[in-house]
Amino acid sequence: MRSHETIPAPSAESASQHRVSPAKIKKLNAQFLTAVKELDTFLIYKWVKDFSGQRILDTDHVQSALLALASNRNPEKSDFQRAAQKFRVLAVSAILDDKVASLECKDEYHKMTPLILAACFGRKAIVKLLVDNGASLRATDGKLERNALSWAARNNWLETAEILLQASLVQQDREAVESRDIDLYTALDLARQNGHTRIVDLFVSRGAAIGELEAPVSGTLSWTT
């Protein structure tokens, strides 16, 4: 796979004017998957955007791209590093606009959704996009059973935690705030344990609003003192 500087991305116009053969689709998908593995964010953005609505790119490949973009991965090739951050959020936006990828797909190793990955690594712009597009605030990873808010609190991503907490309040989702991990720790517990005082202060400042949410079937708020 060469750099996007030497391989032009196929245009939507050419794809719509000429029927794309199965062999061509297979080749395009192989190239797209290579771009995902190398995290060539420009090509991911360009191809998803140009092929939007045409169902040429394999859904699993697009979901792999979404997970990679939300994670802490960065391209190893210097040619791709320059464009990585500029097109990262644009690529996620294009994938969400295409409405092919499941927002609740999970990565192979940690079993994290794109929202959990983005929250875990403090990618606040991607978190905001995913939340605005309806990603589940309650979804948890497959190992420690933490949701996005718990990971943001654990890793001291204040602005990310604020986005997630505000979304929980807007959606009247007390369960997303009270979610407990495999060790029965809430997001606030994790923040306190790790000395993340700004995160703790955030929960305290929103305490009254959280308290007004409808109580869940079981459990009580752990942020109260």
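Bear in mind that the values in this text are calculations on the coordinates, not laboratory data. On a predicted model such as this, the values are computed, not experimentally measured, just so you know. Cβ: placed from backbone, ideal geometry, glycine included. Neighbour counts: every protein chain shown.
Between R138 and E212, what is the FRET efficiency for a Förster distance of 22 Å, r being their Cβ-Cβ separation, to the nearest 0.05?
That pair, R138 with E212, gives E of 0.70.
So what is the 222 nm mean residue ellipticity for the chain from helices alone, if each DSSP H run of at least 4 adds -39500 (n - 2.57) and you divide by all residues, rounding to the nearest 500 deg cm²/dmol?
So the helix-based figure for the chain works out to -16500 deg cm²/dmol.
Averaging sequence separations of C-alpha pairs under 8 Å and six or more residues apart, then dividing by the length of the chain, give the relative contact order as a whole percent.
14
Any chance you could run the full-extension gain for K86 through E108? It's 0.36 nm times the residue separation minus the Cα-Cα distance, nm to one decimal.
5.3 nm
Per 0.36 nm of contour for each residue apart, how much would the distance between T197 and E145 grow if the chain were fully extended, relative to their Cα-Cα spacing?
16.4 nm
Which of C120, C105 comes first, and how do the rest follow, when ranked by fewest Cβ neighbours within 10 Å?
Numbers: C120 24, C105 16.
Final ranking by Cβ density, sparse to dense: C105, C120.
Using 0.36 nm per residue of separation minus the Cα-Cα distance, give me the extension gain between Q54 and A125 in nm, one decimal.
Length gained between Q54 and A125: 22.9 nm.
In this model, which of K27/K111; K37/K128; K49/K143; K37/K143; K49/K86 are farther than 26 Å apart at the alpha-carbon?
Listed pairs above 26 Å: K27/K111; K49/K143.
What FRET efficiency, computed as 1/(1 + (r/R0)^6) with R0 = 30 Å and r the Cβ-Cβ distance, is obtained for R19 and K99, rounded to the nearest 0.05?
So the FRET efficiency works out to roughly 0.85.
Determine, for V170, V20, the number of other Cβ atoms within 10 Å of each Cβ, and report the residues in order from fewest to most.
V170, V20
From a point 7 Å beyond the Cα of Q171 in the direction of its Cβ, which residues of the stretch 87-118 have a backbone N at a distance under 14 Å?
Within reach of a label on Q171, which here means backbone N under 14 Å from a point 7 Å along Cα→Cβ, the stretch 87-118 contributes 103-105, 113-117.
For the residue pair N74 and K37, what label-to-label distance in nm results when each label sits 7 Å from Cα along the Cα-to-beta-carbon direction?
Reported label-point gap for N74 and K37 is 2.2 nm.
Answer with a single label: of (i) 38, 17, 14; (ii) 25, 22, 17; (iii) 32, 19, 14, which was calculated as semi-axes √(5λ) of the Cα gyration tensor in Å from the structure in view?
(i)
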